[in-house]
Structure formats: structure tokens, C-alpha cells
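The values are calculated or read from the model by the stated rules, or taken from the named source; none is laboratory data. Remember, it's a predicted structure, so these values are computed and weren't measured experimentally. Please note: Cβ atoms are built from the backbone with ideal geometry, for glycine as well, and neighbour counts cover all protein chains shown.
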Amino acid sequence: MEHQDGTFDSALTERAGVTQPGTINPAFAAGAAIRRPALPTADELVDGILSGNRTLLSRAITLVESSLPAHQKIAQEVIERCLPHSGKSLRLGITGVPGAGKSTFIEALGSHLVRSGHKLAVLAIDPSSERSKGSILGDKTRMEELSGMKDAFIRPSPSAGSLGGVARKTRETIVLCEAAGFDYVFVETVGVGQSETAAYGMVDYFLLLQLANTGDELQGIKRGIMEMADGIAINKAEGEFLHKAQVARVQFRNALQLFPAPESGWTPTVETCSAYTKDGIDRVWQHIVEYATFTKQNGYFERKRRKQAERILEETIEEQLLGHFYGAEGMEERMEEARRRVSDKSGSPYNIAQQLIDQYFSNLRK
């Protein structure tokens, strides 16, 4: 049918469809989105740590591990203010071959300490992937009993390529844990290697965990690790492996007699134990207590801590200088050119490095 205005009625009609939801959450668009909690102040973090607040302790450790300048500024202030409240714990480093049962051992020993009325912090360092830089951080799952105890604090951290598998900020984390009232701090390292000196440089007692069912027990252990160890515990000494563990104990004791006497004057002990059955755990701990008493009486305990603090100073200077060198203006391009010259064999790596250093200092004088 035609209307006077020239339009026609159509037999086809259009029905309204279902209204589609928008791609943006209306709450977000209205500014009501859930926001991250505000960054705590240094005062809030210090007060929380000194009162034993686990949440604020964890947040402070996260800031310590962060590379953001704003986070580092707060973290360093917190560390500085917590430092007078630290140093009263016994720091134990635990290393060993892969599969030696480090996490199981720590849970067995840690549970024993917590049940005895102590407060324990475990800094479990997980290996980071060289390719993705990621870590599983599954130590809380491996220490199920210990993680459920109110006086135990487990902090898994990625090694992030740090020397010896020890997170670069572990020393600062130890300070925060001690200020929070933990009287024992365990540092679990990734594995055995010469770079485990990084762990040795931040603990009072260094324990090497070893297995007795891997063939020649002494073959896979480097002399440097043996010399650093204040005690050796042969784990998984149960069932059919009990006799092998006892034989390995004699072998390790004989091997240790060939090493020079340690500066501490302490004779390293060798003990068998089973983290699974808990047998021998108390004997291992007794050796650790005896070591602490012995070294405090002869003054070595405090001398070692002073040397560790001096080494931290030196390492920090080295780290800051390297960061300043590589962060200098134009250094990225100069390094790229230097790598090309080294690859093309158009110059000695040593001479090219010296040229870069000379140019760096020359620019500083301008």
C-alpha cells in the first residue's frame, strides 16, 4: 500500500535482537574496578615486621626482591631500620646432591624445632630456568606439615641465576626474618657446586646432605664443598640402605681427616639419619648446637659474621660499579661493537675490555 508521502508498507518486519554485552566491564568503566592494595610505607612495614605480622613481612621481602627503584628505596629503608633488631638467630645452610632429600630433611628438623618452642624461617631457593627465568616455587607443597605450623615461615624464592643458586637478596631477607622474631633461619640451596660458597658466606653452620646409595660416595663431591661443611648428614639411612649409609659414614670421616683443620677449630661431624623415619634427626641437631656453643666460646662465631658483613660490603660495591658501567650512556652500543670485534678476531678481548674501561673513566672525568 502506497502512502501520500510515497512510502510503502512492507510485508517484512525487523524484530529487535538480543542486546549483546559490552567488551568492557561496566564496573571498570565506571572506575569501580578492584585495585591492588596501596604500597605500604616503610613505617608500616617496620612496625609490622617487629610485631611478627607475616603478611607485612612477606610484602617487605617482595619489595627486597623487586628490581623497581621505588620498591628498592622502601626496602633499603626497612632493612636499615630492622638491622639493629637482627643477628640473634642461628643461621643454617643446607646443601646436597639433587635427590638427597633436602626439603624432607628440613621439614623433619624444622618440625622438631617448632614443636620444641622455637620459631623457624625457611628460605627455600628454587632453581630458575635459564630459558624462561621462571621457577616452580613448590617447596611449600613438599613441606606440608611444616608449612601448617604457626611458628614456621616458609618463603620460596627463585634463584634467578644468582651465584650458587642462592637468591641475590637472601641476606636482606635473613635480616627481616630475624627482626620478625625467628630464632632459627634455614637457607636451602639448589644443589652442590663450587659456587655454593655464596650460601656459606651468609650462614653460621653449613650442612652437607649426602646419599649412600649412589655408588662411590666420594666421587661426586668436590673437595671445596667438603672443606666448607661443618657437618655431613647421610640421609635416607633406612631399610636396605642402612648398612650402606654406615659404610659411607666411615668413608666420609676418613676423608675429612685428610683435610686441613678448619679455622673454627671445630672437627666436622658425620652422622646418618632418615628424614622419612625421623631417626637420627636429633643427633644431627645436637651436633649443630654443639658447634654453635663451641664457636661462640672461642670467638669464631662473631669473627665469621664480621667477615661475612665485610664481604657483603665488597660485593655490593662490585655490583654497583658493574651496574653503573653497563648503564653508562652509549655503553650498549660500544659493547655491541666490542662483541663484534671479539667475534671477528679483530682485537684481543683483554685489550678491547681495557679500551672500554679507559673510555668509561675518561667520560666520568668530563
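Worth a mention:
Okay, residues lined up against (1) at pLDDT 80 or above; (2) among the β-branched types (Val, Ile, Thr):
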| position | (1), (2) |
| --- | --- |
| Leu12 | no, no |
| Val18 | no, yes |
| Ile24 | no, yes |
| Pro40 | yes, no |
| Ala70 | yes, no |
| Glu80 | yes, no |
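- Residue in region 256-264 that is modelled with pLDDT under 90, surrounded by 11 or more Cβ atoms within 10 Å (Cβ to Cβ) and either over 30 Å from Gln72 (Cβ atoms) or touching a Ser or Thr at 6+ places or on another chain (Cβ under 7 Å) (or both) present: yes
- Every condition in (1) under 26 Å from Leu109 (Cα atoms); (2) free of Cβ contacts under 8 Å to residues at least 60 places away in the same chain; (3) among the aromatic types (Phe, Trp, Tyr) holds for Phe259 except the one numbered (1).
- Yes/no for Ile74 being crowded, with 17+ Cβ neighbours inside 10 Å, modelled with pLDDT of 90 or more and assigned to a helix (DSSP H, G or I): yes
- Options Arg303, Arg365, Arg341: the member that is more than 30 Å from Ala199 (Cβ to Cβ) and loosely packed, with under 15 Cβ neighbours inside 10 Å: Arg365
- Some residue of region 86-100 being in a helix (DSSP H, G or I) and in contact with a helix residue (DSSP H, G or I) (Cβ under 7 Å, 6 or more places away or on another chain): no
- Among residues of region 265-279, those that are of a type in the set (S, T, N, Q) and surrounded by fewer than 16 Cβ atoms within 10 Å (Cβ to Cβ), counted: 2
- Selection within region 77-90 - surrounded by 14 or more Cβ atoms within 10 Å (Cβ to Cβ) and either closer than 18 Å to Gln320 by Cα or not small (Gly, Ala, Ser) (or both): Glu77, Val78, Ile79, Arg81, Cys82, Leu83, His85, Leu90
- Some residue of region 82-90 being assigned by TED's automatic domain parsing to the domain that holds Ala292, among the hydrophobic types (A, V, I, L, M, F, W, C) and in contact with a strand residue (DSSP E or B) (Cβ under 9 Å, 6 or more places away or on another chain): yes
This table checks each residue for (1) farther than 30 Å from Ser362 by Cα; (2) hydrophobic (A, V, I, L, M, F, W, C); (3) touching a residue at least 24 places away in the same chain (Cβ under 8 Å).
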{"position": "Val250", "(1), (2), (3)": "yes, yes, no"}
{"position": "Gly265", "(1), (2), (3)": "yes, no, yes"}
{"position": "Thr269", "(1), (2), (3)": "yes, no, yes"}
{"position": "Thr272", "(1), (2), (3)": "yes, no, yes"}
{"position": "Val289", "(1), (2), (3)": "yes, yes, no"}
{"position": "Gln297", "(1), (2), (3)": "yes, no, no"}
{"position": "Lys307", "(1), (2), (3)": "yes, no, no"}
{"position": "His324", "(1), (2), (3)": "no, no, no"}
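- Yes/no for Ile357 being in contact with a helix residue (DSSP H, G or I) (Cβ under 9 Å, 6 or more places away or on another chain), part of a helix (DSSP H, G or I), in contact (Cβ under 8 Å) with a residue 40 or more places away in the chain and among the hydrophobic types (A, V, I, L, M, F, W, C): no
- Subset tally (residues that are more than 32 Å from the chain's Cα centre (by Cα) and within 21 Å of Lys366 (Cα to Cα)) for region 330-345: 3
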